[in-house]
Protein chains: 4
Amino acid sequence: MKNIIMLICVNLLLLSDISSQKEPKATEVWIPEARVVTPAKNNTPPSDAIVLFDGKNLEEWSSMGDAKAEWEIADNCMTVLKGKGNIKTKRDFGDIQLHIEWRSPAIVKEDGQDRGNSGVFFQQRYEVQILDNYNNKTYSNGQAGSVYKQHIPLVNACKKPGEWQTYDIIFMAPKFNKDNIKIRSGSLTVLHNGVLVQNHVEVKGTTENVGQPKNIAHGKAPIMLQDHSNPVSYRNIWVREL
Amino acid sequence: MKNIIMLICVNLLLLSDISSQKEPKATEVWIPEARVVTPAKNNTPPSDAIVLFDGKNLEEWSSMGDAKAEWEIADNCMTVLKGKGNIKTKRDFGDIQLHIEWRSPAIVKEDGQDRGNSGVFFQQRYEVQILDNYNNKTYSNGQAGSVYKQHIPLVNACKKPGEWQTYDIIFMAPKFNKDNIKIRSGSLTVLHNGVLVQNHVEVKGTTENVGQPKNIAHGKAPIMLQDHSNPVSYRNIWVREL
Amino acid sequence: MKNIIMLICVNLLLLSDISSQKEPKATEVWIPEARVVTPAKNNTPPSDAIVLFDGKNLEEWSSMGDAKAEWEIADNCMTVLKGKGNIKTKRDFGDIQLHIEWRSPAIVKEDGQDRGNSGVFFQQRYEVQILDNYNNKTYSNGQAGSVYKQHIPLVNACKKPGEWQTYDIIFMAPKFNKDNIKIRSGSLTVLHNGVLVQNHVEVKGTTENVGQPKNIAHGKAPIMLQDHSNPVSYRNIWVREL
Amino acid sequence: MKNIIMLICVNLLLLSDISSQKEPKATEVWIPEARVVTPAKNNTPPSDAIVLFDGKNLEEWSSMGDAKAEWEIADNCMTVLKGKGNIKTKRDFGDIQLHIEWRSPAIVKEDGQDRGNSGVFFQQRYEVQILDNYNNKTYSNGQAGSVYKQHIPLVNACKKPGEWQTYDIIFMAPKFNKDNIKIRSGSLTVLHNGVLVQNHVEVKGTTENVGQPKNIAHGKAPIMLQDHSNPVSYRNIWVREL
């Protein structure tokens, strides 16, 4: 009888140990914990975002020559000031999620690439095109939402000129090995006004207007916005490092 | 003199031909054209979306036994009706972009996995977890935004109980070869309330509560929403085939 | 006492059931079974390979105009016959593993791209370059082992002119959606003489000599070997469908 | 007349400049140059490889407790010495190409996982299974060429017991972010006796015998070979850092 009791105890011990394997617990992972982020609300960025532009000033930006950025600020947005050139962030970035809102001029002038043209360049090299493509035909690999001259957007999700539009972009930077050869391509996923237009496409190299993409080794680098002589406006720009 | 004139003409002809190579035109692609999609506006889905739920009825859904879906509809949303079981779309899907809005009950009861638990299953097999994780600790690989028991979300971007939350999800289906072995893993990218929580992660197989992911060959299949006995609500569900 | 005995029995039953969860068995997968392939031995191809050339004839090949392939066959190898043009397989292929052996002429003539130049094109569009790059400088993205004008090989693993060299290549074909836009890039992994020179790189589009890669939707297509006017030889060519 | 001559000269100058854009030169890339590697020949490793075992000694290896590795060396190969435990490289590795040759005992004893069992672990965590699977059934995700309990090999390419077999493996290490969450999965491509058995599959986490893969952040780490109590032999082991 004593032996039987002991056997029961052994069984129960085994049972408590083993049953943890049968239940869902066996496949639970408790560490690491995902840190808490308060999501965006009414154009307030997520709590862990670096705000690159909140409508007030260009303190996060400089000219290409590292001087003061001179685009126009009015009505809580910034606008390309023709001739002032591209601007770039003072910070360098690698893998990021970027949110950016842009607006092409309500009064339409010109056609094709001359209408509401600007662009957001990752690491100063890899452009997602900004263009007013609402009833405005251009080459497919140069329209809004394209990875410029590399990837046609899956669809044309442009709003009307004068309306604010959004890009939500996931950029993974390319990696180079000790021989300066690219060992992993960068990638881009782009939602244009909430519609998927680029789905984890590889970045082929620099997005050149003339000639082929180039793949010269580099590290983290600024985000750049393009002065293409059109008064495109921007607001609510934030970035989260991945 | 006549010869010289002719030579000039030949040169000019060559020039016009060749210069097209030097200018940006050489790298323009005009075909195919990206088709036009009107993006979502005030909760109207994009123009090319299949609307799975617009607040009115469950016509796109059925019970697991292919009978009428019996979740509750009220106030333009549908709510899990405990005991009525999971529901699934009548249509089958492969690669998609899914937008779905969900709300966990404002009055908090229970803890951990028993609080505001539901889930969206791609191809009836691969779950992105829905859970009220606002100040509610659970295992990391089972919290809101996780690929259930496969991938911890990068961050916890939950809103408060009773607030509407969004998932924007890009799902690429796995591919199987003629020997029924998986030749390409599926992938998931998830934005939770606009914050990236899954970045093109591979789907390891079925998202099991107990045991390992399974990888049994299959084709297109429905989206499924889970009845986990909690009255989680849904609205504004649409899908775009990629 | 009777109750105790019963409890023990219940425990033991549970135990046998539960312990299967604790032991390795819980994570074993028995189906599908990997089918048996006898690997290559002494230049006999793997048992499931389609032999494209075994030294005897060109029955698996045709000219570009679907006429008889007219390259030279001698000494169990086939050699580019200048002016006879490229040749292509009669079969179409998608995702494959390719083994191919090639030899540039032992007597070196010319330089750069004019020395031992040929190429293997997947789906008639995507070239892995064949070139005698032993002490022969050319542009990096056009040397042996490059994805022509797209990806520099990680290293130059060429043997001497006149020696047989091997390529073991894994090619995954690009996928296009219903709008004829590329939804997944193709990829190439290349071992040159057993040394990794391309590591799952994306295929940017057609490998053009002049201008940019093109991405026009297509299905399965032949493998093509290039007549670049140099008497490059081939032997032991086989392919496995993935 | 003088003007006409001048015009011709200007044209010719333009022509020489522009024609460089039309010709292949426009898309040539000369920098960086791929460095030269002498490929393997008669079991001599490639010239840039780190030789981990050349048949003579275990100087590149240690026991798990960082003591002397004690496996047997004879006939230019090393053999698991039952009870001496796993061995690991003294060096740490990230992304690599690995060549390894192994042989299961010619005299077959036991069945299933008890026949010729060993394994090569990348970063001490991620196992490609070594097993005598010639006419020896076991679970598919645990046979030779499997990523242990994660990925079934595409085919079973085993040679007979007592014959030397090869693995050519490309391993890309996983990346973790500052929150210690995996931001890129590792990947494995495996050729078994020259036959593709794993095609750029994702590493799901540690390859556990019991329970789920784990994903705890880590950096470079040793290669480990397993003592599974069977006298499996190894020879000609080399690695190239990518």
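Observations
- 10 Å Cβ neighbours from other chains, averaged over peptide C:79-86: 0
- Think of chain C as having a plus end and a minus end, set by charges on the Cβ of Lys, Arg, Asp and Glu; of C:Ile237, C:Gln129, C:Ile183, C:Ile183 sits farthest toward the positive end of this dipole.
- Put in order of Cβ neighbour count within 10 Å, fewest first, the listed residues C:Ser185, B:Ser146 become C:Ser185, B:Ser146.
- Dipole moment magnitude, nearest 20 debye, segment A:35-241 about Cα centre, only Lys, Arg, Asp, Glu C-beta charged: 380 debye
- GNM on chain C, alpha-carbon springs under 10 angstrom: the most fluctuating residue among C:Gly65, C:Gly142, C:Gly94 is C:Gly65.
- Structure remark: mean-square fluctuation, Gaussian network model of chain A, C-alpha springs under 10 Å; the largest value among A:Val210, A:Val37, A:Val51 belongs to A:Val210.
- Anisotropy class of the protein assembly as shown from Cα gyration tensor, a/c 1.5 cut: oblate
- Other-chain or far-sequence residues with amide H under 5 Å of B:Ser229's (modelled H): B:Gly83
- GNM result for chain C, Cα springs below 10 Å: residue of C:Pro24, C:Pro174, C:Pro161 fluctuating most strongly: C:Pro24
- Under 12 Å from the Cα of C:Lys84 - aspartates and glutamates, other chains or at least 8 residues apart: C:Glu70, C:Glu72, C:Asp227
- Under-5 Å amide H pairs with D:Gly162, H placed in peptide plane, nonlocal only: D:Ser104, D:Ala106
- Listing B:Lys149, D:Lys175, C:Lys56, A:Lys88 from fewest to most neighbouring C-beta atoms within 10 Å gives C:Lys56, D:Lys175, A:Lys88, B:Lys149.
- Estimated distance in nm for a label pair at B:Glu23 and D:Glu23, the labels positioned 7 Å out from Cα along Cα-to-Cβ: 2.3 nm
- Theoretical gain in end-to-end length, A:Glu163 to A:Lys220 [0.36 nm per residue, Cα-Cα removed]: 17.3 nm
- Separation between Cα centres of segment A:178-208 and segment D:60-79, rounded to whole Å: 45 Å
- Ratio Rg/Rh, restricted to segment D:66-173 and using Cα atoms, in which Rh is the Kirkwood radius: 0.95
- Residues listed by number, segment B:200-242, amide nitrogen under 17 Å from B:Lys109 label point at 7 Å toward C-beta: B:227-233
- Ranking B:His99, B:Gly55, B:Trp30 by Cα position along the charge dipole of chain B, where only Lys, Arg, Asp and Glu carry charges on their C-beta atoms, puts B:Trp30 farthest toward the positive end.
- Only Lys, Arg (+1) and Asp, Glu (-1) charged, at Cβ; the protein assembly as shown dipole about Cα centre in debye: 0 debye
- Phi angles of segment B:40-56 translate, via the Karplus equation with coefficients 6.51, -1.76, 1.60 and θ = phi - 60°, into HN-Hα couplings of 4, 8, 6, 6, 7, x, x, 5, 9, 7, 8, 7, 8, 7, 10, x, 9 Hz per residue; Gly and Pro are given as x.
- Counting, for every residue in C:169-180, the Cβ atoms of other protein chains within 10 Å of its Cβ and taking the mean gives 3.
- Computed [θ] at 222 nm, helices only, for chain C once each DSSP H run of length n ≥ 4 contributes -39500 (n - 2.57): -3000 deg cm²/dmol
- Label-to-label distance, A:Glu241 versus B:Asn135, with points set 7 angstrom from Cα along the beta-carbon direction: 3.1 nm.
- Gyration tensor verdict on segment B:84-146 (Cα atoms; rounded if a/c is under 1.5, prolate if a/b is larger than b/c, oblate otherwise): prolate
- Net charge of neighbours whose Cβ lies under 10 Å from the Cβ of C:Tyr234, counting Lys and Arg as +1 and Asp and Glu as -1: +1
- Spin-label proximity, C:Asn76 to segment C:161-194 - amide N less than 19 Å from point 7 Å beyond Cα toward beta carbon: C:162-167
- Derived scalar couplings between HN and Hα for segment C:164-177 equal 6, 10, 10, 10, 10, 10, 10, 10, 10, 6, x, 10, 10, 8 Hz in order, rounded to whole Hz, by the Karplus curve 6.51 cos²θ - 1.76 cosθ + 1.60 (θ = phi - 60°), x for Gly and Pro.
- Seen through its C-alpha gyration tensor, with square-root eigenvalues sorted a ≥ b ≥ c, segment C:29-241 comes out rounded because a/c lies under 1.5.
- Along segment B:110-116 the Karplus relation, 6.51 cos²θ - 1.76 cosθ + 1.60 evaluated at θ = phi - 60°, assigns HN-Hα couplings of 6, 9, x, 6, 9, 10, x Hz to successive residues, with x for each Gly and Pro.
Computed from the coordinates by the stated procedures, all read-outs in this text should not be read as laboratory data. A quick note: this is a predicted structure, and the numbers were derived from the prediction, not measured. Because the Cβ atoms are built from the backbone with ideal geometry, glycine has one as well, and the counts that use them run over all protein chains shown.
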